[in-house]
Amino acid sequence: MTKTKSTFLALLAVLLSPMAANADLIVGDYEWMQPLDTVNNSWNDFNTVCDATTGVCTGTAPNGGVDLSGWIWASLEEVGDLLFAQLTPSHPGGEFHLVEADSTWAPDIMALFDTTHPPNSYVQGLARDFWESSLSVGVAVIYDNEPGNDDMLSTSGGVGAGSRYEFMGGWFYRATSVPEPGTLALFGIGLFGMGLARRRPA
């Protein structure tokens with residue numbers, strides 16, 4: 001194999017490798033982190049590196065070592081806007097609780113996320129909302145239950161601020177400013193092709 005071909009293959013592998021990983025969810029102008037990336041952290045843990053009022057994060061999650069710098073810890077209303085945007089017809093979003101047996105929307109929404117425990121597949125995440133009256137914090141969840149049972153989409157749940165679970169992370173988003181991996185790959189291949197064309201003898 002020539003040095004030129006080896007260089008090309010190495011470049012292609014680097015550019016395409018992010019595409020094989022579990023991708024974050026892109027909706028509109030925002031990229032959403034997979035909730036399972038930050039499991040085993042409580043609301044209190046997230047609150048050590050993220051502002052519960054603005055959502056701005058400036059550090060690493062205490063458990064799991066995920067760097068949250070540059071991410072925004074979402075509110076229940078913001079998570080509702082994300083989840084309910086996936087419904088057809090679309091829902092206005094915000095805080096809501098939707099239950100339906102054998103729904104068509106639950107499998108479609110679940111397909112966007114890393115899941116936890118099939119066949120009762122679900123995704124749960126902590127929002128930054130804190131209710132002083134009950135000392136509980138906001139949870140948004142999607143359940144794709146077994147046939148014959150209710151599926152659920154809810155942005156009105158709550159748990160204790162110190163609760164940690166191996167199946168529940170947090171809801172985090174940031175503005176999309178980095179090109180998609182596929183765009184990067186095409187750009188890199190184009191540059192490489194231009195280089196080959198320039199080197200070809202007349």
Seminar exercise, completed: The one condition Ile72 fails out of (1) touching a Ser or Thr at 6+ places or on another chain (Cβ under 7 Å); (2) surrounded by 15 or more Cβ atoms within 10 Å (Cβ to Cβ); (3) within 18 Å of Gly169 (Cβ to Cβ) is (1)
Problem set entry | Residue list for region 166-179, filter: at pLDDT below 95, farther than 14 Å from Ala127 by Cβ and surrounded by 14 or more Cβ atoms within 10 Å (Cβ to Cβ) | Phe167, Thr176
For this session: Among residues belonging to region 133-157 that are of a type outside the set (S, T, N, Q) and over 21 Å from the mean Cα position of the chain (by Cα), point out the one that is nearest to Phe46 (Cα to Cα).
Result: Leu135
For this session: Considering only region 151-170, state which residues are closer than 15 Å to Leu135 by Cα and hydroxyl-bearing (Ser, Thr, Tyr).
Result: Ser156, Ser163
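The values are calculated or read from the model by the stated rules, or taken from the named source; none is laboratory data. A quick note: this is a predicted structure, and the numbers were derived from the prediction, not measured. Reconstructed Cβ throughout: ideal geometry from the backbone, glycine too, with neighbour counts over all protein chains shown.
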